[in-house]
Amino acid sequence: MNSLSELGPAFLEATLQTLAMVSIAVLCCAIFGLLLGSWLAVTSPQGIAPSRGVHQVLAAVVNVSRSIPFLILIVLLLPFTRLLVGTSIGTAAAIVPLVIGGTPYAARLVEAALLDVDPGLIQAMITMGASPVQSVWKAYLPEAIPGLIRAFTVLAITMINFSAMAGAVGGGGLGDLAIRYGYQRFRLDVLILCCIVLIAQVQLIQFAGNFLARKLDRR
Amino acid sequence: MSLHQPAIDVRAISKRFAPDAPLALDAVSLAVPEGEIHGVLGLSGAGKTTLLRCIARLEIPESGNILIAGSDWTSLPAPELCRERGKMGIVFQQLHLLSSRTVEANISLPLELNRRPNAVIKARVAELMQWFRITEKAKNYPAQLSGGQRQRVALARALATNPSVLLADEPTSALDPETRASVLNTLHNIRDQFGVTILIITHDIHSAAAICDEITVLDAGRIAESGSTHQILQSPAAEITKRLMAHNASPQNIDTTLHRSRFEEIGQI
């Protein structure tokens with residue numbers, strides 16, 4: 001049986017895999033989430049260009065994808081993942097369900113952060129002749145920056161959580177290590193160490209998120 | 001715009017917020033000639049803000065027309081309205097400055113939205129900051145300013161596109177007497193300097209008396225009376241005007257020569 005120290009390189013690799021998976025997934029989710037979330041906020045009844053039909057269709061898509069448990073989503077997406085990256089196992093393959101599962105979640109967080117912006121401010125923008133796109137670009141997004149950073153912090157932490165689940169089906173990373181050694185080989189020490197590294201990552205992200213949000217808050 | 005066309009021409013507008021709700025505005029008409037300061041007075045719920053929102057086309061009246069500098073805003077399609085909006089500046093009661101933008105970036109916002117060239121924006125913003133004595137605050141954020149400074153930034157922003165009409169919603173409420181006098185003075189000077197037509201919404205009869213050429217008193221969505229400030233304050237005809245004057249009976253210290261002379265002219269109200 002390998003001692004914990006012999007597993008050092010495996011730990012390092014798994015940690016880096018988790019970080020890579022999470023950072024790429026968060027980046028993609030943030031971009032798609034900003035687009036989808038802005039669209040949701042703009043078309044919502046309190047938005048600048050309310051559109052019942054568009055909003056309901058978007059909301060339905062988001063709700064349906066959010067109600068599928070992540071583990072099931074990974075399985076459902078297997079053929080698509082294989083099509084996209086050529087394999088359904090490993091870190092690259094895990095990013096696909098992470099992005100697809102995380103985007104609707106990010107969109108809802110973005111929508112909430114944007115709708116938190118004082119509606120009076122948006123009306124002022126309209127009276128200055130702003131188009132809906134200009135309102136989003138020049139008022140909604142910049143005014144919501146502290147809220148958006150807090151939203152992306154929550155997103156990043158959820159992604160760490162999801163990435164550990166992706167590990168369970170061969171996605172690589174700390175979740176994978178914890179399952180293979182901690183669960184299948186009864187290595188409680190590996191399991192605990194994986195948890196400690198995950199906790200440290202979450203704490204670090206939360207701390208950085210809070211710091212940035214405070215730093216950029218001009219109110 | 002022809003010479004005798006009013007800058008703001010509100011023609012019999014009515015507005016209700018739900019099909020079975022009472023009329024928030026009931027056939028309200030008012031015309032403000034170019035270069036005048038017009039006050040709309042009334043108690044809370046009289047329809048002052050609804051009128052302002054209709055003039056700003058944040059609400060669409062169910063009947064009637066509103067002409068701004070000669071063009072009918074009630075029937076303008078969205079893209080043209082966007083372009084026309086540069087003709088109107090608005091100072092909201094809560095000012096609505098963008099907290100994420102510095103003073104200069106707030107003032108340049110309407111010009112950016114109108115896609116003016118950068119050099120033009122820079123020159124205009126510098127000119128306005130100097131006029132409003134906020135140049136040294138250019139790089140500050142609104143949260144770092146005093147109430148009076150924020151008010152000046154909001155006024156500068158409203159005037160950025162060189163509008164022919166300025167709407168001010170309760171510009172003096174929640175201000176201390178000294179700042180209030182200075183804001184009223186500034187509004188008066190803005191009219192003289194920029195030739196802009198000003199419509200002020202207020203419940204404070206003293207503010208209106210100090211700078212308005214004409215006054216319209218609203219009561220429950222209808223015009224109770226309308227006419228020159230002097231005439232209305234000298235001999236108020238409507239019950240609501242008398243009540244407004246009684247509510248504001250305590251002599252206010254609006255300490256500028258301009259306003260004092262106006263107060264003397266109309267007697268102690």
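The values are calculated or read from the model by the stated rules, or taken from the named source; none is laboratory data. Just so we're clear, the structure is a prediction, and the values are computed from it rather than from any experiment. Ideal geometry is used to build each Cβ from the backbone, glycine not excepted, and the neighbour counts take in all protein chains shown.
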Heads up, the strands (runs of 3 or more DSSP E) in segment B:20-87 (entirely inside) with at least 3 residues that are crowded, with 20+ Cβ neighbours inside 10 Å are B:25-32, B:37-41
**Request:** Return a yes/no flag: does segment B:47-70 have any residue that is within 14 Å of chain A (Cβ to nearest Cβ), of a type in the set (Lys, Arg) and out of contact with any helix residue (DSSP H, G or I) (no Cβ under 7 Å at 6 or more places or on another chain).
**Result:** yes
Of the residues in segment B:1-12, those that are within 21 Å of B:Cys212 (Cβ to Cβ), of a type outside the set (D, E, K, R) and assigned to a strand (DSSP E or B) come to B:Ile8, B:Val10
In the set B:Leu76, B:Leu43, the lone residue that is more than 10 Å from chain A (Cβ to nearest Cβ), closer than 19 Å to B:Ala7 by Cα and modelled with pLDDT under 95 is B:Leu76
Filtering segment A:127-161 for residues that are in a helix (DSSP H, G or I), among the hydrophobic types (A, V, I, L, M, F, W, C) and either facing another protein chain (nearest Cβ under 7 Å) or within 13 Å of B:Leu97 (Cα to Cα) (or both) leaves a count of 2
Taking segment B:88-143 and keeping only residues that are within 14 Å of chain A (Cβ to nearest Cβ), touching a residue at least 12 places away in the same chain (Cβ under 8 Å), assigned to a loop (DSSP other than H, G, I, E, B) and more than 16 Å from A:Lys138 (Cα to Cα), one is left with B:Phe92, B:Gln93, B:Leu95, B:Lys139, B:Asn140
#### Entry: Any chance A:Ala107 is under 19 Å from A:Phe162 (Cα atoms), in contact with a Leu (Cβ under 7 Å, 6 or more places away or on another chain), in a helix (DSSP H, G or I) and modelled with pLDDT of 90 or more
yes
Out of (1) surrounded by 16 or more Cβ atoms within 10 Å (Cβ to Cβ); (2) touching a residue at least 24 places away in the same chain (Cβ under 8 Å); (3) over 16 Å from the mean Cα position of the chain (by Cα), the one A:Pro119 does not meet is (1)
Note: among A:Ile100, A:Ile89, A:Ile95, A:Ile74, just one is farther than 29 Å from A:Asp217 by Cβ, assigned to a loop (DSSP other than H, G, I, E, B) and away from chain B (no Cβ under 14 Å), namely A:Ile89
Note on segment A:8-33: residues surrounded by fewer than 22 Cβ atoms within 10 Å (Cβ to Cβ) and either over 11 Å from the mean Cα position of the chain (by Cα) or modelled with pLDDT under 90 (or both) are A:Gly8, A:Pro9, A:Ala10, A:Phe11, A:Leu12, A:Glu13, A:Thr15, A:Leu16, A:Leu19, A:Ala20
The condition from (1) farther than 30 Å from B:Leu43 by Cα; (2) over 17 Å from the mean Cα position of the chain (by Cα); (3) assigned to a helix (DSSP H, G or I) that B:Glu178 misses is numbered (1)
Would you be able to say whether some residue in segment A:173-194 is crowded, with 23+ Cβ neighbours inside 10 Å, assigned to a loop (DSSP other than H, G, I, E, B) and either at pLDDT 90 or above or more than 14 Å from every other protein chain (Cβ to nearest Cβ) (or both)? no
Among (1) under 21 Å from B:Gln94 (Cβ atoms); (2) in a helix (DSSP H, G or I); (3) among the small types (Gly, Ala, Ser), B:Ser173 falls short only on (2)
Discussion item. Suppose the filter is in contact with an Asp or Glu (Cβ under 8 Å, 6 or more places away or on another chain) and more than 14 Å from chain B (Cβ to nearest Cβ); does A:Ala112 pass it?
Written reply: no
Scanning segment A:69-87 residue by residue, those without any contact (Cβ under 8 Å) to a residue 12 or more places away in the chain and either within 22 Å of A:Arg108 (Cβ to Cβ) or crowded, with 18+ Cβ neighbours inside 10 Å (or both) turn out to be A:Pro69, A:Ile72, A:Leu76
Scanning segment B:184-216 residue by residue, those of a type in the set (Val, Ile, Thr) and either at pLDDT 90 or above or surrounded by fewer than 22 Cβ atoms within 10 Å (Cβ to Cβ) (or both) turn out to be B:Thr186, B:Ile190, B:Val196, B:Thr197, B:Ile198, B:Ile200, B:Ile201, B:Thr202, B:Ile211, B:Ile215, B:Thr216
When (1) within 14 Å of another protein chain (Cβ to nearest Cβ); (2) farther than 30 Å from B:Ser99 by Cα are applied to A:Leu198, the one that fails is (1)
